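Undergrad: Okay, here's the structure, questions in a sec.
The values are calculated or read from the model by the stated rules, or taken from the named source; none is laboratory data. If you're wondering where the values come from, they're calculated on a predicted model, not measured in any experiment. Cβ atoms come from the backbone with ideal geometry, glycine included; neighbour counts cover every protein chain shown. Only protein heavy atoms, including side chains, enter the accessible area calculation; ligands, DNA and RNA are left aside. Shrake-Rupley method; radii C 1.70, N 1.55, O 1.52, S 1.80 Å.
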Amino acid sequence: MTEQPKGELVCNASEIQVKQALRILIDDYPVAIVKDSMGEIHAIGDTCSHADISLSEGEVEGCKIECWGHGSQFDLRSGEPLQLPAYDPVPVFAVTVQDDEVYVDFTNVLNGAEAPNFS
């Protein structure tokens, strides 16, 4: 018997195309579920740390996502900004993919960035 992954089921991996992002809301908090150029899935806070703009509407290239508003880029693995004007990281959440189902553990912020308490 397979153990249930930790976290909340948010979508199926097959729903997200490579180099695309899906915006979801958890308790009114926006999260971007992103499939990078290599097909890996990441979960990050969906709001650019520079301005109140949805990152899921930006372009994904390699393992980074670009905010369409002002060009800030964020590493999907670390949440760190790679391009100004953003200088604060976005939260990165733990992701598990099992049998095409994507689970995100919103209680596990991998990079220590500020995020709501979803306990």
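Undergrad: Suppose every Lys and Arg Cβ carries +1 and every Asp and Glu Cβ carries -1, with no other charges. What dipole size does the stretch 74-119 come out with about its Cα centre, to the nearest 20 debye?
TA: 160
Undergrad: Can you work out ³J(HN,Hα) from phi for every residue in the stretch 88-105, in order, using Karplus 6.51 cos²θ - 1.76 cosθ + 1.60 and θ = phi - 60°, giving whole Hz and x for Gly and Pro?
TA: 9, x, 9, x, 10, 9, 5, 10, 10, 10, 9, 6, 6, 9, 9, 10, 10, 8
Undergrad: Would you work out the relative contact order for the stretch 15-115, in percent, from Cα pairs under 8 angstrom that are 6 or more residues apart?
TA: Reported relative contact order: 19 percent.
Undergrad: How many percent of the accessible area of the chain is carbon or sulfur, using a 1.4 Å probe?
TA: 44
Undergrad: On to the next question. Using the Karplus equation 6.51 cos²θ - 1.76 cosθ + 1.60 (θ = phi - 60°), what ³J(HN,Hα) coupling, rounded to whole Hz, does each residue of the stretch 6-12 give in order, writing x for Gly and Pro?
TA: So the J values, rounded to whole Hz, are 6, x, 10, 5, 10, 5, 9.
Undergrad: Can you work out ³J(HN,Hα) from phi for every residue in the stretch 108-113, in order, using Karplus 6.51 cos²θ - 1.76 cosθ + 1.60 and θ = phi - 60°, giving whole Hz and x for Gly and Pro?
TA: 10, 8, 5, 10, x, 5
Undergrad: So, one more: Amide H neighbours of Asp46 under 5 Å, counting only residues 5+ apart in sequence or on other chains, H built in-plane at 1.01 Å?
TA: So Asp46 has HN proximity to Val31, Ala32.
Undergrad: Only four residue types carry charge here, +1 at the Cβ of Lys and Arg and -1 at the Cβ of Asp and Glu. Report the dipole size of the chain about the Cα centre in Debye, rounded to the nearest 20.
TA: The dipole of the chain has a size of about 180 debye.
Undergrad: Any lysines with Cα under 16 Å of the Lys64 Cα? List them, leaving off those in the same chain fewer than 8 positions away.
TA: Within the straight-line cut-off, Lys64 pairs with Lys19, Lys35.
Undergrad: Which of the following values of percent of Cα pairs over 16 Å apart was calculated from the structure shown: (i) 75; (ii) 55; (iii) 61?
TA: It is the one labelled (ii).
Undergrad: Taking amide H atoms as placed 1.01 Å from N in the peptide plane, list the residues 5 or more away in sequence, or in a different chain, whose amide H sits under 5 Å from that of Cys11.
TA: Val102
Undergrad: Starting from the amide H of Leu82, placed 1.01 Å from N in the peptide plane, find each other amide H under 5 Å away whose residue is 5 or more places distant or on another chain.
TA: Gln73, Phe74, Asp75
Undergrad: State in Å² the accessible area per residue of the chain; use a 1.4 Å probe, count heavy atoms of protein chains only, and round to the nearest integer.
TA: On a per-residue basis, the chain sits at 56 Å².
Undergrad: Val60: net charge of surrounding residues, Cβ under 10 Å, Lys/Arg +1, Asp/Glu -1, itself excluded?
TA: -1
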